[in-house]
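These notes concern the structure reproduced below.
The values are calculated or read from the model by the stated rules, or taken from the named source; none is laboratory data. As the structure is a computational prediction, the values presented were derived from the model and not from experiment. Positions of Cβ are backbone-derived with ideal geometry, glycine not excepted, and every protein chain shown enters the neighbour counts.
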Amino acid sequence: MKTFKVTKAKTQTFKPTNIKSLTEFNGAIAAGVNGKVLTKLPVESIEVRPQVRTVIENIDELAESMKSGQLMPITVIKGENNKYVVLQGERRWLAAKKAGLETVEAIVVDAPVSDSERIFGQLTENIQRDNMKLQDLIQSISQLIQNGFNQTEIAARLGKDRTYISRIAALASSKEEVLKLIADCAVNDAQTAQILNNICEKSTNIAKDLEACKDKDGLISRGSAQAVLDRLQKIVPQKPKKIVAFEDRLKKKDFPRGYRRVPAGKALGIQVEFLDEAGEKVSGNLLPRLLSDRHDEVCVLREDNKTVVAVPVDKIRIRMIDELA
């Protein structure tokens, strides 16, 4: 009896960084990319749905480039009425239309199983690009959190540090003035946006101080924002001793109804709540005797695991203040 040795075909791995033209791309996927084959689709048979990027720039430049050839295909899924929907590559498709091309190179893939998978796929394509708008990133991360993903899971899926995702997620609750600057693209850096939030917390004239952060083109750099914040932090707040003396001088008739004065030196318990890094609501006790060099953070003893954490003051909500036995 004859025996036959079956040799398993090697699977080619698609590496976009190694592809310089569609000619090379066609050769790289002769056997298919993950079972998908490159095809040409009429430009007019393709439509778009909401993407993670709401601002798309430099279409004219890309259109001129595509007249000489398309370097990378777009990714689409089958839609209704013989249409296809762009999953990745909306900018390339818009440029193809602008260039007057009749067809565009595309890979047809299965539709994402959920809206979250669509967002993950589009973020994976765009998040490494310097020109991705901060507003789009904030909205996408916020949507994933609303869909049930925590910050650690999102960071792992996107190949980003969890601290980076946490910083982006926190910006969703930025001051209204800062959100407008982000929407207007005056600021496109997460750390700079957080500095602007700190400025809003400390400023007595928010509009003036935010305007002082801008350059002649109306843009805000991290350095200019930090300079304004440093100036505001040099303003010395009223000393606690003066506040205690003021409390001692108050007459009972000056107290709001239902209030009483606690003797000086009496320990107080201050119960608070805040959102932790995973977006979960946490209760704890303020530790007012642990002071930071930063005036925008406080220390809290978490009730659930008895650990001490630093929390931004604008993220704290006081639940109750009472005397300690």
task = Take the residues in the stretch 77-119 that are β-branched (Val, Ile, Thr) and surrounded by 20 or more Cβ atoms within 10 Å (Cβ to Cβ), then tell me which one is farthest from the chain's Cα centre (by Cα).
result = VAL104
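If you check ASN197 against the conditions, is it of a type outside the set (Lys, Arg) and crowded, with 16+ Cβ neighbours inside 10 Å?
For ASN197, the condition - of a type outside the set (Lys, Arg) and crowded, with 16+ Cβ neighbours inside 10 Å - is met.
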task = Please work out which residue is farthest from LEU232 (Cα to Cα), limiting yourself to the stretch 288-301 and to residues that are free of Cβ contacts under 8 Å to residues at least 24 places away in the same chain and surrounded by 15 or more Cβ atoms within 10 Å (Cβ to Cβ).
result = LEU301
query = Condition test on GLU323, is it in contact with a Gly (Cβ under 9 Å, 6 or more places away or on another chain) and modelled with pLDDT under 80?
reply = yes
ask   = So which residues in the stretch 285-316 are assigned to a strand (DSSP E or B) and of a type in the set (A, V, I, L, M)?
value = LEU286, VAL298, VAL300, LEU301, VAL308, VAL309, ALA310, VAL311
note = Of the listed residues (LEU94, LEU101), the one being assigned to a loop (DSSP other than H, G, I, E, B) and under 22 Å from GLU61 (Cβ atoms) is LEU101
remark   = Pairing a residue in the stretch 86-103 that is within 29 Å of ASP115 (Cα to Cα) with any residue that is crowded, with 19+ Cβ neighbours inside 10 Å and aromatic (Phe, Trp, Tyr), where Cβ atoms lie under 7 Å and the two sit 6 or more apart in sequence or on different chains, gives VAL86/TRP93
query = Of all residues in the stretch 68-91, which are within 13 Å of LEU38 (Cβ to Cβ) and in a strand (DSSP E or B)?
reply = ILE74, THR75, VAL76
query = Just checking, which of ASN285, ASN305 is under 30 Å from SER166 (Cβ atoms), surrounded by fewer than 11 Cβ atoms within 10 Å (Cβ to Cβ) and either among the hydroxyl-bearing types (Ser, Thr, Tyr) or modelled with pLDDT of 80 or more (or both)?
reply = ASN305
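For (1) touching an Asp or Glu at 6+ places or on another chain (Cβ under 8 Å); (2) modelled with pLDDT of 85 or more, each residue gets a yes or a no:
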| residue | (1), (2) |
| --- | --- |
| VAL33 | no, no |
| VAL48 | yes, no |
| VAL55 | yes, no |
| TYR84 | yes, yes |
| ARG92 | no, yes |
| LYS98 | yes, yes |
| LEU101 | no, yes |
| VAL109 | no, no |
| PRO112 | no, no |
ask   = When you go through (1) under 23 Å from GLN194 (Cβ atoms); (2) outside any loop (DSSP other than H, G, I, E, B); (3) out of contact with any Phe, Trp or Tyr (no Cβ under 8 Å at 6 or more places or on another chain) one by one for MET320, which number turns out not to apply?
value = (1)
remark   = Note on the stretch 169-190: residues assigned to a loop (DSSP other than H, G, I, E, B) and charged (D, E, K, R) are LYS175, ASP184, ASP189
request  = Identify the single condition in (1) assigned to a loop (DSSP other than H, G, I, E, B); (2) without any contact (Cβ under 8 Å) to a residue 24 or more places away in the chain that VAL282 does not satisfy, given that it satisfies every other one.
outcome  = (1)
note = If you go through GLU153, GLU125, GLU117, the only one that is outside the structural domain of GLN70 (by TED's automatic domain parsing) and touching a strand residue (DSSP E or B) at 6+ places or on another chain (Cβ under 6 Å) is GLU125
Neighbours by Cβ (under 6 Å, 6+ apart or cross-chain): first from the stretch 306-325, of a type outside the set (Phe, Trp, Tyr); second in a helix (DSSP H, G or I) and surrounded by 11 or more Cβ atoms within 10 Å (Cβ to Cβ) = ASP314/GLU201
query = Is there a residue in the stretch 191-210 that is in contact with a helix residue (DSSP H, G or I) (Cβ under 6 Å, 6 or more places away or on another chain) and not in a helix (DSSP H, G or I)?
reply = yes
